[in-house]
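Written below as structure tokens is the structure these notes are about.
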Amino acid sequence: MVGGMMGRRTKTMSPQEKEMIIQYLQANGLKTMDKSSTAHAGASGYAEFVEFCSQCHDLPDPSIHTSRKWPQVVREMEGQMKKASLKAPGADKEKALLEFLQGAAKD
Ligand code: HEC
């Protein structure tokens, strides 16, 4: 038997891990976006936002942070994605989703 690679899981989080994060965030009151709402569906950057930001938790409501604060949050989340070996946005997609968030931000 060849050792070393045994037990290496796929790149996605387990449903249990995902559930833990969601429970944590709900307990700590993350306001998430109403998914039945189509208000943002066609907005530029929305597709990227959904692609990357729903990998671990529900989509946050963009109005929870100001447009000044979002770049910092997105950077932190990118760190989370790298830590979890999930796909992270490249420069273009990051810019697109950030602009979406800033466009719908609190201010
Ligand atoms: C790799 C998993 C993962 C991905 C992907 C991810 N997040 Fe998170 N997110 C977390 C974890 C874990 C927390 C709770 C700990 C924390 O706040 O850092 C969190 C918390 C948050 C919070 C609440 C804390 C705060 O600073 O307001 C927001 C908002 C948020 N994420 C936004 C995003 C956005 C926007 C994206 C897409 C760019 C994203 N997340 C992608 C794991 C992730």
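The values are calculated or read from the model by the stated rules, or taken from the named source; none is laboratory data. This one's a predicted model, so the numbers in the text were calculated from it and none came from an experiment. With ideal geometry, Cβ positions are generated from the backbone for all residues, glycine too; neighbour counts draw on all protein chains shown.
Laid out as a table, the results:
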| quantity | calculated |
| --- | --- |
| Residue match in the range 84-95 (condition: surrounded by 14 or more Cβ atoms within 10 Å (Cβ to Cβ), at pLDDT 90 or above, over 13 Å from the mean Cα position of the chain (by Cα) and assigned to a loop (DSSP other than H, G, I, E, B)) | no |
| Every pair of residues 6+ apart whose Cβ atoms lie under 8 Å, when the first sits in the range 67-91 and is touching a residue at least 40 places away in the same chain (Cβ under 8 Å) and closer than 18 Å to L101 by Cα while the second is within 8 Å of the ligand (Cβ to nearest atom) and outside any loop (DSSP other than H, G, I, E, B) | S67/L101; P89/F52; P89/E78; P89/L97 |
| Residue within the range 24-38 that is among the aromatic types (F, W, Y) and surrounded by 13 or more Cβ atoms within 10 Å (Cβ to Cβ) present | no |
| Checklist (1) within 20 Å of D107 (Cα to Cα); (2) in contact with a helix residue (DSSP H, G or I) (Cβ under 8 Å, 6 or more places away or on another chain); (3) assigned to a helix (DSSP H, G or I) applied to E51, failing item | (1) |
